[in-house]
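Everything on this sheet refers to the single structure shown next.
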Amino acid sequence: MTNGPWWKNAVVYQIYPRSFADSNGDGVGDLEGIRQRLDHLAWLGVDAIWISPFFKSPMADFGYDVSDYCDVDPLFGTLDDFDALVSEAHAHGIKVIVDWVPNHSSDQHAWFVESRSSRDNPKRDWYIWRDPAPDGGPPNNWIGAFLEGSAWTFDETTGQYYLHLFLPEQPDLNWRNPDVIEAMHDTLRFWLDRGVDGFRMDVVMGIVKRADLADVEGGLVQMADESRYDPPAVHERLRAIRTLLDSYPGDRVSVGEVFVLSTARVAEYYGNNDELHLSFNFPPLFAPWDADKWRHRIERTETELGRVSAWPTWVLSNHDNARHRTRYGSSEGRARAAAVMLLTLRGTTFLYEGEELGLDDAIVPAERVVDPGGRDGCRAPIPWTADAPHGWNGAEPWLPFPPAAGDRSVETLLADEASILHLYRHLIAAKHASAALQTGDLTLLAAPDGVLAYERVLDEDARTVLVNFTGEPQSIDAQGIVDVSSIGTGEGEPFSGLLAPDEAVILS
Ligand code: GLC
(Lines give C-alpha, C1' and ligand atoms only; values in the text may rest on other atoms or scores of the structure.)
Protein backbone atom coordinates (compact mmCIF):
# COMPACT_ATOMS: atom_id res chain seq x y z
CA MET A 1 0.00 0.00 0.00
CA THR A 2 1.20 3.46 -0.82
CA ASN A 3 1.01 6.41 1.50
CA GLY A 4 -1.33 9.35 1.16
CA PRO A 5 -4.99 9.85 1.98
CA TRP A 6 -7.18 6.75 1.61
CA TRP A 7 -9.28 8.26 -1.18
CA LYS A 8 -6.42 8.49 -3.64
CA ASN A 9 -6.31 4.76 -4.20
CA ALA A 10 -9.96 4.16 -3.55
CA VAL A 11 -12.61 2.45 -5.60
CA VAL A 12 -15.84 4.22 -4.67
CA TYR A 13 -19.16 2.50 -5.34
CA GLN A 14 -22.18 4.75 -5.88
CA ILE A 15 -25.42 3.53 -4.36
CA TYR A 16 -28.67 5.02 -5.60
CA PRO A 17 -30.59 3.96 -2.51
CA ARG A 18 -34.06 3.69 -4.04
CA SER A 19 -32.79 1.02 -6.41
CA PHE A 20 -30.13 -0.90 -4.52
CA ALA A 21 -31.76 -3.23 -2.00
CA ASP A 22 -35.14 -3.23 -0.29
CA SER A 23 -35.34 -4.59 3.26
CA ASN A 24 -39.03 -3.96 3.97
CA GLY A 25 -40.78 -5.00 0.78
CA ASP A 26 -42.23 -1.62 -0.17
CA GLY A 27 -40.59 -1.64 -3.60
CA VAL A 28 -38.09 1.09 -2.72
CA GLY A 29 -34.55 0.37 -1.50
CA ASP A 30 -33.49 1.60 1.94
CA LEU A 31 -30.55 2.01 4.34
CA GLU A 32 -31.17 -1.33 6.03
CA GLY A 33 -31.11 -2.96 2.60
CA ILE A 34 -27.65 -1.48 2.04
CA ARG A 35 -26.48 -2.71 5.45
CA GLN A 36 -27.60 -6.24 4.59
CA ARG A 37 -25.49 -6.20 1.41
CA LEU A 38 -22.23 -5.00 2.96
CA ASP A 39 -20.75 -8.51 2.87
CA HIS A 40 -21.25 -8.53 -0.87
CA LEU A 41 -19.64 -5.11 -1.31
CA ALA A 42 -16.71 -6.21 0.84
CA TRP A 43 -16.37 -9.34 -1.34
CA LEU A 44 -16.30 -7.11 -4.41
CA GLY A 45 -13.52 -5.15 -2.75
CA VAL A 46 -14.75 -1.55 -2.87
CA ASP A 47 -13.14 0.91 -0.46
CA ALA A 48 -16.07 3.28 -0.06
CA ILE A 49 -19.72 3.75 -0.83
CA TRP A 50 -21.25 7.04 -1.91
CA ILE A 51 -24.94 7.03 -1.11
CA SER A 52 -27.17 9.35 -3.16
CA PRO A 53 -29.53 11.46 -0.99
CA PHE A 54 -31.57 9.64 1.66
CA PHE A 55 -32.54 12.79 3.57
CA LYS A 56 -36.09 13.96 4.23
CA SER A 57 -37.56 14.91 0.90
CA PRO A 58 -40.87 15.26 -0.91
CA MET A 59 -39.05 13.42 -3.76
CA ALA A 60 -39.81 15.83 -6.59
CA ASP A 61 -36.24 14.99 -7.72
CA PHE A 62 -36.03 11.68 -5.80
CA GLY A 63 -34.09 13.10 -2.88
CA TYR A 64 -32.14 15.90 -4.58
CA ASP A 65 -34.83 18.16 -3.12
CA VAL A 66 -33.99 18.07 0.58
CA SER A 67 -36.54 19.26 3.16
CA ASP A 68 -34.34 18.43 6.17
CA TYR A 69 -30.58 18.10 5.71
CA CYS A 70 -30.17 16.47 9.12
CA ASP A 71 -32.66 13.63 9.05
CA VAL A 72 -33.39 10.44 7.13
CA ASP A 73 -36.53 10.18 5.03
CA PRO A 74 -38.85 7.51 6.52
CA LEU A 75 -38.88 5.81 3.10
CA PHE A 76 -35.19 5.00 3.63
CA GLY A 77 -35.24 4.38 7.40
CA THR A 78 -34.08 6.30 10.45
CA LEU A 79 -30.98 7.98 11.81
CA ASP A 80 -30.42 4.82 13.87
CA ASP A 81 -30.40 2.81 10.65
CA PHE A 82 -27.84 5.23 9.27
CA ASP A 83 -25.62 4.94 12.34
CA ALA A 84 -25.82 1.15 12.13
CA LEU A 85 -24.89 1.29 8.47
CA VAL A 86 -21.87 3.50 9.10
CA SER A 87 -20.54 1.43 11.94
CA GLU A 88 -20.98 -1.85 10.06
CA ALA A 89 -19.50 -0.41 6.88
CA HIS A 90 -16.49 0.72 8.89
CA ALA A 91 -16.21 -2.73 10.45
CA HIS A 92 -16.02 -4.08 6.88
CA GLY A 93 -13.31 -1.55 6.02
CA ILE A 94 -15.70 0.43 3.83
CA LYS A 95 -15.86 4.23 4.10
CA VAL A 96 -19.14 6.12 3.74
CA ILE A 97 -19.61 9.22 1.59
CA VAL A 98 -22.93 11.04 1.66
CA ASP A 99 -24.44 13.30 -0.97
CA TRP A 100 -24.67 16.95 0.07
CA VAL A 101 -27.01 19.17 -1.94
CA PRO A 102 -25.90 22.74 -1.23
CA ASN A 103 -27.22 24.58 -4.28
CA HIS A 104 -30.90 24.26 -3.46
CA SER A 105 -33.27 22.85 -0.90
CA SER A 106 -36.80 21.56 -1.32
CA ASP A 107 -39.58 24.13 -1.46
CA GLN A 108 -40.92 22.22 1.58
CA HIS A 109 -37.81 22.95 3.66
CA ALA A 110 -38.76 25.04 6.73
CA TRP A 111 -36.27 27.69 5.54
CA PHE A 112 -38.09 28.18 2.26
CA VAL A 113 -41.55 28.00 3.84
CA GLU A 114 -40.48 30.92 6.02
CA SER A 115 -38.70 32.70 3.21
CA ARG A 116 -41.74 32.76 0.97
CA SER A 117 -44.14 33.76 3.77
CA SER A 118 -43.42 37.51 3.55
CA ARG A 119 -40.95 39.97 2.12
CA ASP A 120 -39.69 40.92 5.56
CA ASN A 121 -39.32 37.43 6.97
CA PRO A 122 -35.80 36.99 8.45
CA LYS A 123 -35.21 34.09 6.02
CA ARG A 124 -36.38 36.03 2.96
CA ASP A 125 -32.79 36.56 1.85
CA TRP A 126 -31.86 32.88 2.32
CA TYR A 127 -33.15 32.31 -1.22
CA ILE A 128 -32.93 34.40 -4.37
CA TRP A 129 -36.00 36.62 -4.80
CA ARG A 130 -36.39 39.31 -7.45
CA ASP A 131 -39.07 41.63 -8.75
CA PRO A 132 -40.65 40.80 -12.11
CA ALA A 133 -39.15 42.31 -15.25
CA PRO A 134 -40.93 45.49 -16.45
CA ASP A 135 -43.22 43.33 -18.63
CA GLY A 136 -44.16 41.22 -15.59
CA GLY A 137 -42.11 38.24 -16.82
CA PRO A 138 -39.16 36.54 -15.12
CA PRO A 139 -36.17 38.68 -14.06
CA ASN A 140 -33.85 37.12 -16.67
CA ASN A 141 -33.66 34.47 -19.40
CA TRP A 142 -32.20 31.63 -17.37
CA ILE A 143 -33.55 28.16 -18.05
CA GLY A 144 -34.25 25.58 -15.34
CA ALA A 145 -33.08 22.01 -15.89
CA PHE A 146 -35.53 19.16 -16.59
CA LEU A 147 -38.68 21.15 -17.40
CA GLU A 148 -36.66 23.47 -19.61
CA GLY A 149 -38.78 26.49 -18.86
CA SER A 150 -37.81 29.64 -16.98
CA ALA A 151 -35.55 29.15 -13.94
CA TRP A 152 -37.86 31.57 -12.09
CA THR A 153 -41.25 30.91 -10.52
CA PHE A 154 -43.61 33.71 -9.54
CA ASP A 155 -44.93 33.60 -5.99
CA GLU A 156 -48.39 35.16 -5.68
CA THR A 157 -48.17 35.80 -1.93
CA THR A 158 -45.30 38.25 -2.11
CA GLY A 159 -45.37 39.26 -5.76
CA GLN A 160 -41.80 38.26 -6.54
CA TYR A 161 -40.01 35.51 -8.45
CA TYR A 162 -37.63 32.97 -6.86
CA LEU A 163 -34.75 31.32 -8.67
CA HIS A 164 -34.42 27.57 -9.22
CA LEU A 165 -31.76 26.17 -11.55
CA PHE A 166 -33.66 22.87 -11.44
CA LEU A 167 -37.35 22.19 -10.71
CA PRO A 168 -39.63 24.84 -9.17
CA GLU A 169 -39.65 22.52 -6.12
CA GLN A 170 -35.87 23.13 -5.79
CA PRO A 171 -35.35 26.82 -4.88
CA ASP A 172 -31.70 27.94 -4.95
CA LEU A 173 -30.14 28.91 -1.65
CA ASN A 174 -28.47 32.30 -1.43
CA TRP A 175 -24.81 31.53 -0.73
CA ARG A 176 -24.08 35.27 -0.48
CA ASN A 177 -25.89 35.34 2.86
CA PRO A 178 -23.50 34.51 5.76
CA ASP A 179 -26.33 32.87 7.73
CA VAL A 180 -26.91 30.43 4.87
CA ILE A 181 -23.21 29.61 4.78
CA GLU A 182 -23.21 28.97 8.52
CA ALA A 183 -26.38 26.87 8.41
CA MET A 184 -25.01 24.77 5.55
CA HIS A 185 -21.70 24.32 7.34
CA ASP A 186 -23.71 23.03 10.29
CA THR A 187 -25.25 20.38 8.05
CA LEU A 188 -21.74 19.20 7.13
CA ARG A 189 -20.76 19.09 10.81
CA PHE A 190 -23.90 17.09 11.60
CA TRP A 191 -22.82 14.22 9.32
CA LEU A 192 -19.11 14.55 10.08
CA ASP A 193 -19.91 14.18 13.77
CA ARG A 194 -21.84 10.99 12.92
CA GLY A 195 -18.68 9.57 11.37
CA VAL A 196 -19.10 9.99 7.62
CA ASP A 197 -15.88 9.93 5.61
CA GLY A 198 -16.82 12.59 3.13
CA PHE A 199 -19.29 14.21 0.81
CA ARG A 200 -20.18 14.16 -2.83
CA MET A 201 -21.20 17.78 -3.45
CA ASP A 202 -24.09 18.29 -5.83
CA VAL A 203 -23.70 20.96 -8.58
CA VAL A 204 -21.18 22.67 -6.36
CA MET A 205 -19.73 24.88 -9.12
CA GLY A 206 -23.02 26.80 -9.20
CA ILE A 207 -23.73 27.65 -5.58
CA VAL A 208 -23.01 31.38 -6.00
CA LYS A 209 -24.75 33.12 -8.90
CA ARG A 210 -23.32 36.08 -10.81
CA ALA A 211 -24.09 39.21 -8.85
CA ASP A 212 -25.91 41.02 -11.68
CA LEU A 213 -28.14 38.05 -12.56
CA ALA A 214 -27.80 39.17 -16.17
CA ASP A 215 -29.19 37.33 -19.19
CA VAL A 216 -26.90 34.62 -20.60
CA GLU A 217 -26.58 32.95 -23.96
CA GLY A 218 -27.01 29.28 -24.59
CA GLY A 219 -30.51 28.22 -23.60
CA LEU A 220 -30.52 24.60 -22.59
CA VAL A 221 -26.75 24.13 -22.36
CA GLN A 222 -26.67 26.62 -19.51
CA MET A 223 -26.09 24.01 -16.79
CA ALA A 224 -22.58 23.21 -18.00
CA ASP A 225 -21.23 26.69 -18.62
CA GLU A 226 -20.23 28.98 -15.83
CA SER A 227 -21.74 32.19 -17.16
CA ARG A 228 -24.57 32.16 -14.63
CA TYR A 229 -22.22 31.61 -11.71
CA ASP A 230 -19.59 33.63 -9.87
CA PRO A 231 -16.51 31.35 -9.91
CA PRO A 232 -14.32 33.53 -7.63
CA ALA A 233 -17.08 33.57 -5.01
CA VAL A 234 -17.60 29.82 -5.42
CA HIS A 235 -13.87 29.27 -4.88
CA GLU A 236 -14.02 31.28 -1.68
CA ARG A 237 -16.96 29.18 -0.41
CA LEU A 238 -15.06 26.00 -1.32
CA ARG A 239 -12.00 27.12 0.64
CA ALA A 240 -14.13 27.58 3.75
CA ILE A 241 -15.70 24.15 3.24
CA ARG A 242 -12.24 22.62 2.82
CA THR A 243 -11.05 24.22 6.06
CA LEU A 244 -14.07 22.76 7.83
CA LEU A 245 -13.49 19.25 6.44
CA ASP A 246 -9.76 19.33 7.16
CA SER A 247 -10.44 20.32 10.77
CA TYR A 248 -11.75 16.77 11.31
CA PRO A 249 -9.36 13.85 11.72
CA GLY A 250 -9.22 10.99 9.22
CA ASP A 251 -8.97 12.54 5.77
CA ARG A 252 -12.64 13.41 5.21
CA VAL A 253 -13.03 13.87 1.48
CA SER A 254 -15.00 16.21 -0.76
CA VAL A 255 -15.78 15.21 -4.33
CA GLY A 256 -17.47 17.89 -6.34
CA GLU A 257 -20.01 17.40 -9.05
CA VAL A 258 -18.36 20.13 -11.09
CA PHE A 259 -20.58 19.94 -14.12
CA VAL A 260 -18.37 21.94 -16.46
CA LEU A 261 -17.39 20.36 -19.76
CA SER A 262 -13.80 21.56 -19.82
CA THR A 263 -11.15 19.65 -17.89
CA ALA A 264 -9.06 22.83 -17.65
CA ARG A 265 -11.96 24.55 -15.89
CA VAL A 266 -12.62 21.55 -13.66
CA ALA A 267 -9.00 21.75 -12.47
CA GLU A 268 -9.71 25.21 -11.03
CA TYR A 269 -12.07 23.76 -8.44
CA TYR A 270 -9.24 21.93 -6.71
CA GLY A 271 -7.84 25.39 -5.94
CA ASN A 272 -4.32 25.51 -4.71
CA ASN A 273 -4.91 22.20 -2.92
CA ASP A 274 -7.29 24.19 -0.71
CA GLU A 275 -10.68 23.65 -2.35
CA LEU A 276 -12.17 20.30 -3.44
CA HIS A 277 -10.10 17.20 -2.70
CA LEU A 278 -11.56 15.58 -5.80
CA SER A 279 -13.81 16.56 -8.64
CA PHE A 280 -15.72 14.64 -11.22
CA ASN A 281 -14.46 15.34 -14.72
CA PHE A 282 -17.35 14.68 -17.09
CA PRO A 283 -15.91 15.13 -20.59
CA PRO A 284 -14.64 11.53 -20.65
CA LEU A 285 -18.05 10.26 -19.56
CA PHE A 286 -19.50 11.88 -22.65
CA ALA A 287 -16.82 10.53 -25.00
CA PRO A 288 -17.92 7.74 -27.35
CA TRP A 289 -16.26 4.31 -27.31
CA ASP A 290 -13.45 5.30 -29.63
CA ALA A 291 -9.73 4.82 -29.02
CA ASP A 292 -8.72 8.23 -30.40
CA LYS A 293 -11.31 10.10 -28.41
CA TRP A 294 -10.31 8.32 -25.22
CA ARG A 295 -6.64 8.89 -25.87
CA HIS A 296 -7.40 12.58 -26.22
CA ARG A 297 -9.48 12.65 -23.00
CA ILE A 298 -6.77 10.90 -21.01
CA GLU A 299 -4.14 13.25 -22.39
CA ARG A 300 -6.25 16.31 -21.47
CA THR A 301 -6.88 14.99 -17.99
CA GLU A 302 -3.21 14.21 -17.36
CA THR A 303 -2.14 17.61 -18.65
CA GLU A 304 -4.77 19.87 -17.14
CA LEU A 305 -5.01 18.24 -13.73
CA GLY A 306 -1.27 17.53 -13.68
CA ARG A 307 -0.60 21.25 -14.09
CA VAL A 308 -2.07 21.91 -10.63
CA SER A 309 -1.21 18.52 -9.07
CA ALA A 310 -4.90 17.70 -8.82
CA TRP A 311 -5.76 14.05 -8.38
CA PRO A 312 -8.05 12.76 -11.18
CA THR A 313 -11.28 10.82 -10.89
CA TRP A 314 -12.74 8.42 -13.44
CA VAL A 315 -16.39 7.53 -13.85
CA LEU A 316 -18.36 5.97 -16.69
CA SER A 317 -21.87 5.73 -15.27
CA ASN A 318 -24.07 7.40 -12.66
CA HIS A 319 -27.71 8.06 -11.86
CA ASP A 320 -27.98 10.96 -14.34
CA ASN A 321 -26.87 9.36 -17.59
CA ALA A 322 -27.54 6.27 -19.66
CA ARG A 323 -25.34 3.43 -18.43
CA HIS A 324 -22.09 3.06 -20.35
CA ARG A 325 -22.91 -0.45 -21.49
CA THR A 326 -26.01 0.99 -23.14
CA ARG A 327 -24.14 4.00 -24.52
CA TYR A 328 -21.46 1.75 -25.98
CA GLY A 329 -23.95 -0.29 -28.00
CA SER A 330 -25.17 -2.74 -25.33
CA SER A 331 -22.08 -4.84 -25.85
CA GLU A 332 -20.81 -7.05 -23.05
CA GLY A 333 -17.38 -7.17 -24.69
CA ARG A 334 -17.10 -3.38 -24.60
CA ALA A 335 -18.42 -3.20 -21.04
CA ARG A 336 -15.68 -5.64 -19.99
CA ALA A 337 -12.95 -3.77 -21.84
CA ALA A 338 -14.19 -0.47 -20.37
CA ALA A 339 -13.90 -1.94 -16.88
CA VAL A 340 -10.22 -2.74 -17.47
CA MET A 341 -9.61 0.83 -18.60
CA LEU A 342 -11.66 2.42 -15.81
CA LEU A 343 -9.81 0.59 -13.05
CA THR A 344 -6.33 1.19 -14.45
CA LEU A 345 -6.44 4.91 -15.24
CA ARG A 346 -4.56 7.18 -12.85
CA GLY A 347 -7.00 8.43 -10.24
CA THR A 348 -9.83 7.57 -7.92
CA THR A 349 -12.32 5.16 -9.50
CA PHE A 350 -16.08 5.66 -9.22
CA LEU A 351 -18.38 2.74 -10.01
CA TYR A 352 -22.15 3.00 -10.30
CA GLU A 353 -24.23 0.20 -8.78
CA GLY A 354 -24.97 -2.49 -11.35
CA GLU A 355 -22.17 -1.75 -13.79
CA GLU A 356 -20.34 -4.70 -12.23
CA LEU A 357 -23.28 -6.81 -13.43
CA GLY A 358 -23.00 -5.40 -16.93
CA LEU A 359 -26.49 -3.93 -16.65
CA ASP A 360 -28.11 -2.04 -19.47
CA ASP A 361 -30.65 0.71 -18.90
CA ALA A 362 -34.19 -0.47 -18.30
CA ILE A 363 -36.72 0.18 -21.00
CA VAL A 364 -39.32 2.20 -19.14
CA PRO A 365 -42.80 2.25 -20.69
CA ALA A 366 -44.50 5.64 -20.82
CA GLU A 367 -46.92 4.80 -18.01
CA ARG A 368 -44.03 4.03 -15.63
CA VAL A 369 -41.95 7.13 -16.32
CA VAL A 370 -41.42 9.01 -13.06
CA ASP A 371 -38.40 11.30 -13.53
CA PRO A 372 -39.06 14.67 -15.14
CA GLY A 373 -35.41 14.60 -16.29
CA GLY A 374 -35.79 11.36 -18.29
CA ARG A 375 -33.25 9.42 -16.21
CA ASP A 376 -35.35 6.43 -15.12
CA GLY A 377 -33.57 3.88 -17.31
CA CYS A 378 -30.26 3.97 -15.43
CA ARG A 379 -32.05 3.94 -12.06
CA ALA A 380 -33.66 0.51 -12.47
CA PRO A 381 -33.53 -1.83 -9.45
CA ILE A 382 -30.57 -4.16 -8.95
CA PRO A 383 -31.50 -7.80 -9.59
CA TRP A 384 -30.14 -9.82 -6.66
CA THR A 385 -31.53 -13.27 -7.46
CA ALA A 386 -32.03 -15.15 -10.71
CA ASP A 387 -35.77 -15.63 -10.22
CA ALA A 388 -38.32 -12.83 -10.17
CA PRO A 389 -38.85 -10.75 -8.11
CA HIS A 390 -35.03 -10.80 -8.01
CA GLY A 391 -34.68 -10.26 -4.29
CA TRP A 392 -37.26 -7.48 -4.22
CA ASN A 393 -39.94 -9.03 -2.08
CA GLY A 394 -43.46 -7.74 -1.81
CA ALA A 395 -44.43 -4.73 -3.84
CA GLU A 396 -43.41 -4.19 -7.45
CA PRO A 397 -40.20 -2.10 -7.44
CA TRP A 398 -40.65 1.57 -8.19
CA LEU A 399 -39.11 1.09 -11.65
CA PRO A 400 -39.00 -1.93 -13.97
CA PHE A 401 -35.93 -4.21 -13.95
CA PRO A 402 -33.20 -3.84 -16.57
CA PRO A 403 -33.14 -6.26 -19.53
CA ALA A 404 -32.06 -9.87 -18.84
CA ALA A 405 -32.38 -9.22 -15.10
CA GLY A 406 -32.23 -12.91 -14.19
CA ASP A 407 -29.15 -13.64 -16.29
CA ARG A 408 -27.39 -10.55 -14.96
CA SER A 409 -28.46 -10.98 -11.34
CA VAL A 410 -25.89 -11.03 -8.57
CA GLU A 411 -26.80 -14.64 -7.82
CA THR A 412 -26.28 -15.81 -11.41
CA LEU A 413 -23.03 -13.94 -11.95
CA LEU A 414 -21.56 -14.96 -8.59
CA ALA A 415 -21.90 -18.58 -9.64
CA ASP A 416 -20.01 -17.96 -12.89
CA GLU A 417 -16.32 -17.27 -12.41
CA ALA A 418 -16.02 -15.98 -15.97
CA SER A 419 -18.72 -13.34 -15.40
CA ILE A 420 -18.25 -9.58 -15.57
CA LEU A 421 -18.91 -9.46 -11.81
CA HIS A 422 -15.85 -11.61 -11.16
CA LEU A 423 -13.89 -9.50 -13.65
CA TYR A 424 -14.68 -6.35 -11.63
CA ARG A 425 -13.59 -8.08 -8.43
CA HIS A 426 -10.41 -9.22 -10.13
CA LEU A 427 -9.68 -5.70 -11.41
CA ILE A 428 -10.30 -4.05 -8.05
CA ALA A 429 -7.92 -6.56 -6.46
CA ALA A 430 -5.36 -5.89 -9.20
CA LYS A 431 -5.53 -2.16 -8.50
CA HIS A 432 -5.14 -2.72 -4.78
CA ALA A 433 -2.18 -5.03 -5.31
CA SER A 434 -0.14 -2.72 -7.55
CA ALA A 435 1.51 0.49 -6.45
CA ALA A 436 1.93 1.36 -10.14
CA LEU A 437 -1.80 1.08 -10.78
CA GLN A 438 -2.54 3.18 -7.72
CA THR A 439 -0.19 6.10 -7.85
CA GLY A 440 2.20 5.36 -10.71
CA ASP A 441 2.66 7.79 -13.57
CA LEU A 442 0.62 7.23 -16.70
CA THR A 443 2.28 7.36 -20.11
CA LEU A 444 0.33 6.93 -23.33
CA LEU A 445 2.04 4.52 -25.75
CA ALA A 446 1.98 4.27 -29.53
CA ALA A 447 -0.64 1.80 -30.72
CA PRO A 448 -2.36 0.77 -33.95
CA ASP A 449 -5.64 2.47 -34.93
CA GLY A 450 -8.47 1.41 -32.68
CA VAL A 451 -6.19 0.41 -29.80
CA LEU A 452 -5.42 2.44 -26.69
CA ALA A 453 -2.19 1.63 -24.87
CA TYR A 454 -0.63 3.10 -21.75
CA GLU A 455 1.86 2.29 -19.11
CA ARG A 456 1.67 2.84 -15.37
CA VAL A 457 4.97 2.92 -13.53
CA LEU A 458 6.06 3.45 -9.96
CA ASP A 459 9.67 2.59 -9.10
CA GLU A 460 10.13 -1.10 -9.89
CA ASP A 461 6.44 -1.74 -10.43
CA ALA A 462 5.12 -1.41 -13.99
CA ARG A 463 1.93 -2.36 -15.78
CA THR A 464 0.96 -2.03 -19.42
CA VAL A 465 -2.70 -1.69 -20.37
CA LEU A 466 -3.95 -2.44 -23.88
CA VAL A 467 -7.56 -1.82 -24.90
CA ASN A 468 -8.96 -2.96 -28.24
CA PHE A 469 -11.85 -0.61 -29.04
CA THR A 470 -12.70 -2.52 -32.22
CA GLY A 471 -14.61 -5.68 -33.03
CA GLU A 472 -11.59 -6.99 -34.99
CA PRO A 473 -8.48 -8.74 -33.69
CA GLN A 474 -5.50 -6.37 -33.40
CA SER A 475 -1.81 -7.10 -33.23
CA ILE A 476 0.41 -4.92 -31.11
CA ASP A 477 4.02 -5.09 -30.16
CA ALA A 478 3.95 -5.31 -26.37
CA GLN A 479 5.61 -7.59 -23.87
CA GLY A 480 4.67 -8.90 -20.49
CA ILE A 481 2.73 -11.50 -18.61
CA VAL A 482 -1.05 -11.24 -18.88
CA ASP A 483 -2.28 -10.34 -15.38
CA VAL A 484 -5.88 -9.80 -16.37
CA SER A 485 -7.70 -10.24 -19.66
CA SER A 486 -11.22 -8.86 -20.05
CA ILE A 487 -12.18 -12.14 -21.71
CA GLY A 488 -10.16 -14.30 -19.36
CA THR A 489 -7.76 -15.83 -21.88
CA GLY A 490 -4.04 -16.36 -21.49
CA GLU A 491 -3.84 -15.10 -17.90
CA GLY A 492 -0.50 -15.94 -16.30
CA GLU A 493 1.11 -16.47 -19.71
CA PRO A 494 3.29 -14.20 -21.88
CA PHE A 495 1.21 -11.85 -24.04
CA SER A 496 0.85 -13.30 -27.55
CA GLY A 497 0.94 -9.95 -29.35
CA LEU A 498 -2.67 -10.35 -30.42
CA LEU A 499 -5.76 -8.76 -28.84
CA ALA A 500 -9.08 -10.48 -29.50
CA PRO A 501 -12.06 -8.32 -30.60
CA ASP A 502 -13.07 -5.99 -27.72
CA GLU A 503 -10.32 -7.41 -25.54
CA ALA A 504 -8.44 -5.39 -22.93
CA VAL A 505 -5.48 -6.68 -20.93
CA ILE A 506 -3.20 -5.69 -18.09
CA LEU A 507 0.38 -6.89 -18.56
CA SER A 508 3.04 -6.97 -15.88
C1 GLC B 1 -27.19 16.80 -9.80
C2 GLC B 1 -27.65 15.40 -9.48
C3 GLC B 1 -28.97 15.19 -10.16
C4 GLC B 1 -29.95 16.18 -9.61
C5 GLC B 1 -29.43 17.61 -9.78
C6 GLC B 1 -30.22 18.56 -8.95
O7 GLC B 1 -26.91 16.97 -11.14
O8 GLC B 1 -26.70 14.46 -9.85
O9 GLC B 1 -29.45 13.88 -9.98
O10 GLC B 1 -31.17 16.05 -10.28
O11 GLC B 1 -28.11 17.73 -9.35
O12 GLC B 1 -29.97 18.35 -7.60
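Points worth noting:
To keep it simple, each residue is scored yes or no on (1) in the same structural domain as ARG334 (by TED's automatic domain parsing); (2) among the charged types (D, E, K, R); (3) closer than 30 Å to ILE382 by Cβ.
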| position | (1), (2), (3) |
| --- | --- |
| SER409 | yes, no, yes |
| GLU417 | yes, yes, yes |
| ALA446 | no, no, no |
| GLU491 | no, yes, yes |
| SER496 | no, no, no |
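- Scanning segment 440-454 for residues being surrounded by 18 or more Cβ atoms within 10 Å (Cβ to Cβ) and under 29 Å from VAL46 (Cα atoms) gives a total of 6.
- Residue count for segment 374-407, restricted to those that are open to solvent by 30 Å² or more (accessible area, probe 1.4 Å), under 22 Å from the mean Cα position of the chain (by Cα) and closer than 25 Å to ALA335 by Cα: 2
- Looking only at segment 348-398, residues that are within 15 Å of the ligand (Cβ to nearest atom) and not in a loop (DSSP other than H, G, I, E, B) come to 5 in all.
- Among the numbered conditions (1) open to solvent by 20 Å² or more (accessible area, probe 1.4 Å); (2) touching a Phe, Trp or Tyr at 6+ places or on another chain (Cβ under 6 Å), the only one that PRO231 does not meet is (2).
- For SER19: the one exception among (1) within 16 Å of the ligand (Cβ to nearest atom); (2) out of contact with any helix residue (DSSP H, G or I) (no Cβ under 6 Å at 6 or more places or on another chain): (2)
- Search result, residues across segment 244-272 that are crowded, with 17+ Cβ neighbours inside 10 Å, within 16 Å of the ligand (Cβ to nearest atom) and in a loop (DSSP other than H, G, I, E, B): GLU257, VAL258, PHE259, VAL260, TYR269
- Residue list for segment 464-477, restricted to those being among the hydrophobic types (A, V, I, L, M, F, W, C) and crowded, with 19+ Cβ neighbours inside 10 Å: VAL465, LEU466, VAL467, PHE469
- Verdict on ASP61 being over 30 Å from TRP6 (Cβ atoms) and over 26 Å from the mean Cα position of the chain (by Cα): no
- Of the residues making up segment 106-129, those that are in a loop (DSSP other than H, G, I, E, B) and in contact with a helix residue (DSSP H, G or I) (Cβ under 6 Å, 6 or more places away or on another chain) are ASN121, LYS123.
- Filtered residues of segment 278-296 (kept if aromatic (Phe, Trp, Tyr) and either farther than 23 Å from ILE97 by Cβ or at pLDDT below 95 (or both)): PHE286, TRP289, TRP294
- Qualifying residue in segment 187-200 (condition: among the basic types (Lys, Arg), part of a loop (DSSP other than H, G, I, E, B) and either more than 16 Å from the ligand (Cβ to nearest atom) or open to solvent by 10 Å² or more (accessible area, probe 1.4 Å) (or both)): yes
- Under the condition of being more than 28 Å from SER409 (Cβ to Cβ) and in a strand (DSSP E or B), the residues counted in segment 22-62 number 2.
- Residue, most open to solvent (accessible area, probe 1.4 Å), within segment 63-104, restricted to residues that are in a helix (DSSP H, G or I) and of a type in the set (A, V, I, L, M): ALA91
- Enumeration of residues in segment 304-336 that are over 24 Å from GLU472 (Cα atoms), open to solvent by 30 Å² or more (accessible area, probe 1.4 Å), assigned to a helix (DSSP H, G or I) and touching a residue at least 24 places away in the same chain (Cβ under 8 Å): ARG307
- Residue satisfying all of: in segment 146-158; open to solvent by less than 20 Å² (accessible area, probe 1.4 Å) and either of a type in the set (A, V, I, L, M) or outside any strand (DSSP E or B) (or both); farthest from PRO171 (Cα to Cα) among these: THR158
- For segment 206-217, the condition holds for at least one residue, the condition being that it is in a helix (DSSP H, G or I) and either at positive phi or crowded, with 17+ Cβ neighbours inside 10 Å (or both).
- Members of segment 223-241 that are of a type in the set (Val, Ile, Thr) and touching a His at 6+ places or on another chain (Cβ under 8 Å): ILE241
- Scanning segment 106-154 for residues that are more than 16 Å from the ligand (Cβ to nearest atom), closer than 20 Å to PRO58 by Cβ and among the aliphatic types (A, V, I, L, M) returns ALA110, VAL113.
The values are calculated or read from the model by the stated rules, or taken from the named source; none is laboratory data. Source: prediction; values computed, not measured. Positions of Cβ are backbone-derived with ideal geometry, glycine not excepted, and every protein chain shown enters the neighbour counts. Just the protein is used for accessible areas: all its heavy atoms, side chains included, with ligands, DNA and RNA removed. Shrake-Rupley method; radii C 1.70, N 1.55, O 1.52, S 1.80 Å.
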